Amino acid sequence: ATFIYCREQRLSGGKMRSALRKLCQHGIEALRPQRVNDRWRKPMVSRRVAADLRKAAIRSGTYGTFDAETGIGWDPIWDSPQRRRGVDEILGSNQSKIHSIRPPKEHKHDRTREARAQQIEALLAQADDKIEEFRLEIEAKKPKPGIEEVFKKMSRGTRN
């Protein structure tokens with residue numbers, strides 16, 4: 001029962017791909033960026049190549065197990081968090097560097113929408129009282145009808 005891993009391995013004469021060698025040697029750390037001397041290094045195995053290896057393992061039926069000696073298979077822990085949907089562990093050397101993934105920032109008017117709506121509701125609750133108060137102030141400023149007001153207006157007009 002000879003096993004052919006994938007088309008690339010068959011074409012290369014049975015040699016193991018460098019990405020497979022790095023996965024055998026370093027495991028999940030080969031898929032993660034590393035911080036060395038305050039600088040980030042790219043992962044040893046790119047996401048495109050990792051996706052190719054994963055798909056080949058699915059096609060060959062070896063997804064779920066990984067043999068470090070032969071480089072056959074794919075370990076589900078290596079999948080991205082979006083694909084895992086069940087493994088809550090954070091593995092690797094840079095565990096303390098990455099605490100969590102924040103949600104997108106979005107636009108400010110979207111972020112503050114709820115607070116604005118609450119503020120508007122609070123102001124609307126006071127609106128009737130303020131309108132009544134304003135109308136009373138306007139009414140108080142108006143002169144009272146009567147002969148006295150007419151005489152005041154006439155006397156003001158003659159001084160000019």
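Each value in this text was obtained by applying a stated rule to the coordinates, not by laboratory testing. In this text, all values refer to a predicted model and were calculated from it rather than measured experimentally. Here the Cβ is made from the backbone with ideal geometry for all residues, glycine too, and neighbour counts use every protein chain on show.
List the aspartates and glutamates whose Cα lies under 15 Å from the Cα of K55, skipping any in the same chain that are fewer than 8 positions away.
By straight Cα distance, K55 reaches E8, D75, D79.
Within the P(r) computed for the range 99-160, what percentage of the Cα pairs occupies the region above 13 Å?
Here the tail beyond 13 Å accounts for 78 percent of pairs.
Which far-off residues, 5 or more places away or on another chain, put their amide H under 5 Å from the one on I72, with H placed in the peptide plane?
D67
Please compute the modelled spin-label separation between D52 and K108, points set 7 Å along Cα→Cβ, answer in nm with one decimal.
4.6
Per-residue counts of other Cβ atoms within 10 Å, averaged by peptide: what ranking do you get for 114-123, 19-28, 55-64, 38-47, highest first?
With the highest mean Cβ count within 10 Å placed first, the list reads 19-28, 55-64, 38-47, 114-123.
If each of R21 and F134 carries a label point 7 Å out from its Cα toward its Cβ, how far apart are those two points in nm?
So the label points at R21 and F134 sit 8.0 nm apart.
Distance in nm between label sites at T70 and L123, each 7 Å beyond Cα in the beta-carbon direction?
Going by the 7 Å Cα→Cβ label model, 7.2 nm.
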